[in-house]
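Participant: Input: one structure, supplied below.
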Amino acid sequence: QVQLVESGGGLVQPGGSLRLSCVASGRIFSSTLMGWFRQAPGKEREFVAGIRWGVGNTYYADSVKGRFTISREGAKNTVNLQMNSLGPEDTAVYYCAANRNGYSTMSASYDYWGQGTQVTVSS
């Protein structure tokens, strides 16, 4: 069993930055894909970024490439999402998730989820 707890959300002005963190408790296998998803009001949950726990391969949605960076801190069982050049379109609840079977952009493939953290980009 894995539990995920996100932190770091908040209100930021357009063009600003935020850093989200996800602390995982329980066993994380090297093949696990740790992902970030987001869901805006009235929209489906969408994949944002992912990192393979063991080798560190990273994956990004086209909409965030060049602006967001995902990283992991193995000793702390933590996955971070550095978000730069934020715009109103990035406003959403952001969720951390774990997929025991590796890379996927489909939310249904993920086994564990955090409670979510709100990110609001507004002037």
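The values are calculated or read from the model by the stated rules, or taken from the named source; none is laboratory data. Everything quoted here is computed from the prediction, not taken from an experiment. As a convention, Cβ positions derive from the backbone with ideal geometry for all residues, glycine included, and neighbour counts pool all protein chains shown. SASA here: full protein model, heavy atoms, side chains in, ligands and nucleic acids out. Shrake-Rupley method; radii C 1.70, N 1.55, O 1.52, S 1.80 Å.
Participant: Out of Arg67, Arg38, Arg72, report the one residue that is under 19 Å from Glu6 (Cα atoms), among the charged types (D, E, K, R) and open to solvent by 40 Å² or more (accessible area, probe 1.4 Å).
Facilitator: After applying the criteria, what remains is Arg72.
Participant: Right, next: Taking segment 88-115, which residues are of a type outside the set (Asp, Glu), closer than 23 Å to Gly66 by Cα, modelled with pLDDT of 95 or more and open to solvent by 10 Å² or more (accessible area, probe 1.4 Å)?
Facilitator: Selection gives Pro88, Thr91, Val93, Tyr95.
Participant: Are there strands (runs of 3 or more DSSP E) fully within segment 50-123 with at least 3 residues that are touching a Phe, Trp or Tyr at 6+ places or on another chain (Cβ under 7 Å)? List them.
Facilitator: In segment 50-123, the matching strands (runs of 3 or more DSSP E) lie at 68-73, 78-83, 92-99.
Participant: Among (1) modelled with pLDDT under 95; (2) under 19 Å from Gly116 (Cβ atoms); (3) open to solvent by 60 Å² or more (accessible area, probe 1.4 Å), where does Val2 come up short?
Facilitator: Going through (1) modelled with pLDDT under 95; (2) under 19 Å from Gly116 (Cβ atoms); (3) open to solvent by 60 Å² or more (accessible area, probe 1.4 Å) one by one, Val2 breaks only (3).
Participant: Could you list all residues from segment 20-35 that are surrounded by 14 or more Cβ atoms within 10 Å (Cβ to Cβ) and either part of a strand (DSSP E or B) or acidic (Asp, Glu) (or both)?
Facilitator: Selection gives Leu20, Ser21, Cys22, Val23, Ala24, Leu33, Met34, Gly35.
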